[in-house]
Ligand SMILES: Nc1ncnc2c1ncn2[C@@H]1O[C@H](COP(=O)(O)OP(=O)(O)O)[C@@H](O)[C@H]1O
Ligand SMILES: [Mg+2]
């Protein structure tokens, strides 16, 4: 089933009969199109990854729902693929530089597209700094480790600072005005709003060639709104759905998805995001979730960044530093003198 979610954008372009908008689908009138948009399926790509149950929830009958999904899927040729084609899809995974060579190497070349990368750590560990850096870096040309696209930035704690973007952009010799123009920002006021922002994101992603979606922080609203044991299941369920939505976007648009998660120092208090379980028949599980733990050191601007879990990379850790310029490598000499 996971194959059904693979990106097919490149193919779409070649196919003459492909629909580019849901209103073009046969027998989809304005009312149905509007209804689909309301529940977050405003593009063919999004509709192709919907489940019948999701469309049913919006008052669309079962038969009609499966017809619509089928049309969307065949339109972008999301279907069974051969192993050879699968290899080609896998090879379409791209990497986004973190500005630290050491960290990029740890991640097998940088932050992967088609997957969710989670940075977790204590307050002040540098999670938001990394988000700022990535929002700038995604705009770099491919040969400088970028993805030549825009960033979508969902901020839940009001910690986004345009001044930081300016510093980082200048350091990379990028035009600040242009960089700022390619960061599409929204502040999420509560968890419902956060979920909604992501559900409405596919049109913006398409229009602005978004190649990075950031949610900083993924969990803060959920944590403050769903308190106590009795709300845990509900919180987790809602969060899972949100994560799945994010993963679908990552796959449909071949983009990188980065989320942050603030945790206490004690490991047993970690707020678990590991429970990404199959929802709506789509198998995602651990196959698309990188977890990276970041922590402070005695050296004031040095951080230890540890790859804790990855579907295909070994664990390991590296040092990075946070400076005026952004995220940087720690030089050999600095490491030796520590
Ligand atoms: N302009 C800067 N120059 C150097 N270090 C900075 C700068 N801005 C922020 N930092 C570092 O980043 C830290 C804040 O990191 P942040 O990403 O906000 O943490 P988190 O999101 O994990 O809570 C600061 O304590 C400081 O060490
Ligand atoms: Mg932060």
Out of the residues in segment 299-309 that are assigned to a loop (DSSP other than H, G, I, E, B) and free of Cβ contacts under 8 Å to residues at least 24 places away in the same chain, which is farthest from ligand 2 (Cβ to nearest atom)? 300
Where residues in segment 103-162 are without any contact (Cβ under 8 Å) to a residue 40 or more places away in the chain and within 12 Å of ligand 2 (Cβ to nearest atom), which of them is farthest from residue 182 (Cα to Cα)? 158
Is it the case, given these coordinates, that residue 250 is over 30 Å from residue 207 (Cβ atoms) and either part of a helix (DSSP H, G or I) or touching a strand residue (DSSP E or B) at 6+ places or on another chain (Cβ under 7 Å) (or both)? no
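A short reminder: the numbers here are calculations on the coordinates, not readings from a lab. From a predicted model like this one, the values you see are computed outputs, not experimental measurements. Please note: Cβ atoms are built from the backbone with ideal geometry, for glycine as well, and neighbour counts cover all protein chains shown.
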